[in-house]
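For reference, the structure discussed in these notes is given below.
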Amino acid sequence: MKLSGKIIAVSGSPGSGKTLTAVKIAKALADFKRQVILVCCDEQVPAIPLLIPESDESTPNLGSLLRLSEPSPITVLRHCIPFGKSGLIGLLGYRIGDQSPPQDAGEKGSKLFSVLRGCTDYTVIDCGPENSLASPAFGACDIRFRLFNAGLKSFVFFEANKKEEGKVVINVLNNLKPNQDASVAGESLGPVPYVLPHVLDLEEQYDAGKLDEPVYGSPAKKYAKVIRRIVIDLLDHES
């Protein structure tokens with residue numbers, strides 16, 4: 001029997017690496033033959049030109065989907081863009097010039113995430129507290145990965161945004177550089193089960209719009225191992 005799809009939210013402080021991490025989690029789920037819809041909610045930095053540079057103004061997008069009166073499985077899937085080489089990931093994101101959400105975006109978002117749960121094995125939402133879909137995403141998700149960096153900016157951000165907590169929140173320390181101490185983060189924010197190392201090649205991937213491609217080298221292997229562990233832990237919760 002097919003189980004109801006799981007909804008995973010990836011949130012975090014500004015610049016913490018939410019989009020990159022959400023993409024890598026979606027890709028790793030696809031590697032395990034799970035169908036995934038990746039929803040990128042950032043209204044300030046539209047995801048479509050970032051992740052699919054060859055897209056154009058005719059590309060389906062999240063903005064036009066939210067303006068429909070009622071989302072349905074068919075309309076949602078029609079607005080998804082194939083992403084990556086696996087054939088198992090669909091992207092829902094904003095396009096430049098079409099990222100202004102409707103006034104009732106929160107209500108539309110709740111309906112959208114409810115529909116998505118029945119459309120795919122996993123919905124991975126790249127979101128933050130600064131966009132209109134954050135609240136419905138946090139309300140709909142089964143698990144939220146909270147990203148932060150080992151710097152004062154992240155700690156101050158979460159100290160000022162404690163009200164956003166809810167449901168199952170799992171800390172992920174991202175982009176940890178060799179000269180940084182991971183234990184400081186745990187003292188400030190609680191247990192940190194996942195630590196993702198700094199990988200220079202990932203920055204280059206991000207800038208080139210090629211986040212669906214693999215990276216190589218020792219730091220990249222460590223990074224991929226942690227992402228794989230995150231996904232295996234997610235798969236363990238399917239039952």
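Since every read-out is calculated from the coordinates, none of them should be taken as a lab result. Everything quoted here is computed from the prediction, not taken from an experiment. When we count neighbours, we look across all protein chains shown, and the Cβ atoms used for this are built from the backbone with ideal geometry, even at glycine.
Here are some notes:
- Charged-residue dipole, Cβ positions (Lys, Arg, Asp, Glu), the chain about Cα centre, Debye nearest 20: 660 debye
- 16 Å cut-off, amide nitrogen to a point 7 angstrom out along residue 237 Cα→Cβ, residues in the range 188-206: 191-195
- Taking 4.7 Å between beta carbons as the limit, the unpaired Cys residues of the chain are 40, 80, 119, 141.
- Each peptide in 97-107, 224-234, 130-140 gets a packing score, the mean of other Cβ atoms within 10 Å over its residues, and the list from highest to lowest is 130-140, 224-234, 97-107.
- Loop-resident GluC sites (Glu not before Pro) (DSSP state other than H, G, I, E or B) in the range 189-239 with no more than 15 further Cβ atoms inside 10 Å of their Cβ: 238.
- Among the listed pairs 111/177; 6/222; 108/225; 24/153; 33/111, those beyond 29 Å (Cα-Cα): 111/177; 108/225
- Gyration tensor (alpha-carbon) shape descriptor, the range 1-126, a/c threshold 1.5: rounded
- Summary value for the chain: 27 percent relative contact order, contacts being C-alpha pairs under 8 angstrom separated by 6+ residues.
- From the coordinates shown, log10 I(q)/I(0) by the Debye sum over Cα atoms at q = 0.09, 0.12, 0.16 Å⁻¹ corresponds to which of [x] -0.40, -0.71, -1.23; [y] -0.45, -0.78, -1.24; [z] -0.35, -0.63, -1.17: [z]
- Think of the range 22-133 as a dipole: +1 on every Lys or Arg Cβ, -1 on every Asp or Glu Cβ, centred on the Cα centre; then among 72, 133, 94, 72 lies furthest on the positive end.
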